[in-house]
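Down below is the structure, laid out as structure tokens.
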Amino acid sequence: FLCTPEISLRRQAIVNQHCATLPSWSANQFRAPTFAGEIDGVNVRTTPPSGFIVVDGSAQAVISPEDCGLGGKSIKILGGGSGNYFALDSVEKILVRPGEMVLATLFAKYDSSISADSINMISQIIFYSSDDVKLSATGEDLNHLGPSGMKPGIWCCHEYSMQAIAPSGAAYYKTRSGISGLVGSDMETFISAIYTTILK
């Protein structure tokens, strides 16, 4: 689960084993989760949200006023089949020290007519050295960790989070977040609330 700003968790209380449990909003390292400052209807491919770049893929995506309940906006993704891949890479260098555990996940909502098996949640953590050399990266697909736990038609996060331990020489990390595998060209998916934090 994700905690609202009103809830605070001790880090010792966080459940590991890739469960999608993150500290409260105030404890997250990356706090640009709801695209609140973006303009409705903007084509995200040509004008990515501040702090992100768009990863190659054919799905059309625009800023939407759809709110995940945390305040702000979201990204509406349209498209279908294997070509419907949409992901954002963070630009910010989030500082990390070797041996620290990083968690990452996101909020998403997809059409009530789509089954959880038809959509994959993308979450990846990439570690870099102080001289910007890529050291390691997790896989992208959260679904390989187990059932998504996504419920059609409502905002929720994957049952599991992506987790990784910063390797030797790591100085910072970035994230990739998105969706793939939507069935039906007229289906809509929304993503918002991209979360990442370091467990200490």
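The values are calculated or read from the model by the stated rules, or taken from the named source; none is laboratory data. Computed from a predicted structure; not experimentally measured. Quick note on the areas: whole protein, heavy atoms, side chains included, nothing else; ligands and nucleic acids left out. Shrake-Rupley method; radii C 1.70, N 1.55, O 1.52, S 1.80 Å.
Using only the heavy atoms of the protein chains and a 1.4 Å probe, how would His158, His144 rank by accessible area, largest first?
Details: His158 0, His144 120 Å².
So, going from the largest accessible area down, we get His144, His158.
For Gln60, the residues 5 or more places off, or on other chains, whose built amide H falls under 5 Å of its own are Leu78.
Sorting Arg97, Arg176, Arg45 by solvent-accessible area of protein heavy atoms yields Arg97, Arg45, Arg176, largest first, with a 1.4 Å probe. Using a probe radius of 1.4 angstrom, the carbon and sulfur fraction of the accessible surface of the range 49-200 is 52%.
Checked against a 18 Å cut-off, the cross-linked pairs Lys73/Lys151; Lys76/Lys174; Lys93/Lys174; Lys109/Lys151; Lys93/Lys134 give Cα-Cα distances beyond that limit for Lys73/Lys151; Lys76/Lys174.
Solvent-accessible area of Lys174, all protein chains in place: 50 Å² (probe radius 1.4 Å, heavy atoms, ligands and nucleic acids excluded). Note: relative contact order over the range 78-173, using C-alpha pairs below 8 Å and six or more positions apart, is 41 percent.
Residues whose amide H falls under 5 Å from that of Leu106, counting only those 5 or more places apart or on a different chain, are His158, Tyr195, with hydrogens built in the peptide plane. Taking amide H as placed 1.01 Å from N in the peptide plane, the amide H of Met150 sits under 5 Å from that of Glu159, each at least 5 places away or on another chain.
To the nearest 10, the accessible area of Ser130 is 100 Å² with a 1.4 Å probe.
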